[in-house]
Amino acid sequence: MKVKRYLARNMAEALAYIRRDLGPDAVIISTRRVRSRGWRGWLAPPQLEVTAALDSLPASETQADLRRQVEEIKGLLEEVSGHLGIRKDQVEERLLRWRELLLQLEIKADLTDRLLEGLAGDLRESDPRAPNPEAVREELVARLADILAAAWPGKPPGRVMAFIGPTGVGKTTTLAKLAARFSLLERKKVGLITIDTYRIGAVEQLQTYGEILGLPLAVAWSPQELREKVEGYRDKDVILIDTVGRSPQNELRLAELRAFLESLDADHYLVLSCTTKSRDLDSIVARYRQLNPARLIFTKVDETQYLGNIINVVAATGIPVAYITNGQNVPDDIEKVGPERLARLILGAGEAWTTKQHASGNW
Ligand SMILES: Nc1nc2c(ncn2[C@@H]2O[C@H](COP(=O)(O)OP(=O)(O)OP(=O)(O)O)[C@@H](O)[C@H]2O)c(=O)[nH]1
Ligand SMILES: [Mg+2]
């Protein structure tokens, strides 16, 4: 668009100028009377100032130009907002990615959403061109650790430990690992008792460990006998009791186990396998809760990469995790875990699994 101003004595003169200069398509935009500057202006008659314009470009071209300018501004705005943080849709996308990841770990959906609550702020502040998943990961580790820490026991473990739980989860093996550690590393006097007289070979299994470690093993056939055997271990610092592994569906066996344990002042360690399906674990935990477990032990951490069950059970029951076991070797494959270590383990921080996930995306 071409815009020009003309001074003339009257309108006819102005139109003549405009036609000559801009051609017949020019339009008049404004007119006003003006005086010349200085003292001369006061003597001479006022002049007419006419502003005329000529739309020199075809309409379509002007629009394209405008669109280009708008795009340029949009680009600039994005660049500026990029320096401030990431866009809302990017935040949502990243949150969804984290959510998917936590669900993949088999952390339950409601717990996952609780863990991600309010994380949008942290994500928004991260630099979009150098996304920093470590900061978010660390925040998640802290949140998981908080849930685990809330269950952490205030009181130290008692001297009588009974290992309960479903069949084949690793009760006897875990007991043997702990017996070895307490006696060899902590120099404690350890006594072993088994009430697992149901399964063929069960007593022999523990007897073998007892012999290797040089620890006494007593067998109790009744609640009365169990009390006596514990009494007989008066001189021991730690007494470890192995129990019958029975399907949690078998109420009768659970009632029998309760009858044995009720007569004692023992801490019940509920042994659960990380390889058990989440739903099965829910019903196992529900049934074993009647035996008032004081601590949890999760076994077979080495057999799965998806450890969400650990946090699911702790969050649901408020029972703390005392140990995890990660292999069949006695006594090596056991670890006493604190909230943070466990949180990192669950999230896979620093594990090969994480590296693989890292490589696959920016989150
Ligand atoms: N991979 C792996 N295997 C384990 C772990 N703990 C125990 N096991 C194996 O699991 C199997 C069962 O272990 P047990 O200690 O006999 O299990 P249990 O709970 O005493 O079984 P029942 O007495 O029959 O109820 C054995 O083959 C163990 O070697 C572990 O942390 N990781
Ligand atoms: Mg056993």
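Every read-out reported here was derived from the displayed coordinates using simple, explicitly stated rules and does not represent laboratory data. The structure presented is a predicted model; accordingly, all values stated were derived computationally and were not measured. Quick reminder, even Gly has a Cβ in these numbers, built from the backbone with ideal geometry, and neighbours come from all protein chains shown.
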In nm, the gap between the two label points placed 7 Å beyond Cα toward Cβ at ALA149 and ALA286 is 3.3 nm
Length gained, GLU134-TYR306, 0.36 nm per residue minus C-alpha separation, equals 59.9 nm
Nearest-0.05 FRET efficiency for ASN329 and ARG279 at R0 = 35 Å, using Cβ-Cβ distance, is 0.70
Karplus ³J(HN,Hα) for region 323-332 (6.51 cos²θ - 1.76 cosθ + 1.60, θ = phi - 60°; Hz, whole; x = Gly/Pro) runs 9, 10, 10, 9, x, 8, 6, 9, x, 5
Between VAL271 and residues 5 or more places away or on another chain, the pairs with built amide H atoms under 5 Å apart involve ILE164, GLY165, ILE297
Label model pair ARG253, ALA142: point-to-point distance (7 angstrom along the Cα→beta-carbon line) in nm is 4.6 nm
Number of Lys pairs in region 160-337 closer than 14 Å at Cα, excluding neighbours under 8 places apart unless interchain, is 7
If the chain between LEU95 and THR197 were fully extended at 0.36 nm per residue, the gain over the current Cα-Cα distance would be 31.5 nm
Phi angles of region 173-181, converted by Karplus (6.51 cos²θ - 1.76 cosθ + 1.60, θ = phi - 60°) into ³J(HN,Hα) in whole Hz with x for Gly and Pro, give 4, 5, 4, 5, 4, 5, 4, 5, 5
With label points set 7 Å from each Cα along the Cα-to-Cβ direction at MET1 and LEU185, the distance between them in nm comes to 8.3 nm
If the label point sits 7 Å along Cα→Cβ of ASP113, residues of region 133-154 with amide N under 18 Å come out as none
On the formula 1/(1 + (r/R0)^6), with r taken between the Cβ atoms of ALA16 and GLU49 and R0 of 22 Å, the FRET efficiency rounded to 0.05 is 0.90
Ranking LEU215, LEU226, ILE334 by how far each Cα lies towards the positive end of the charge dipole of region 160-337 (+1 on Lys and Arg Cβ, -1 on Asp and Glu Cβ), the top one is ILE334
To the nearest 20 debye, region 184-266 has a Cα-centred charge dipole, built from +1 on Lys and Arg Cβ and -1 on Asp and Glu Cβ, of 120 debye
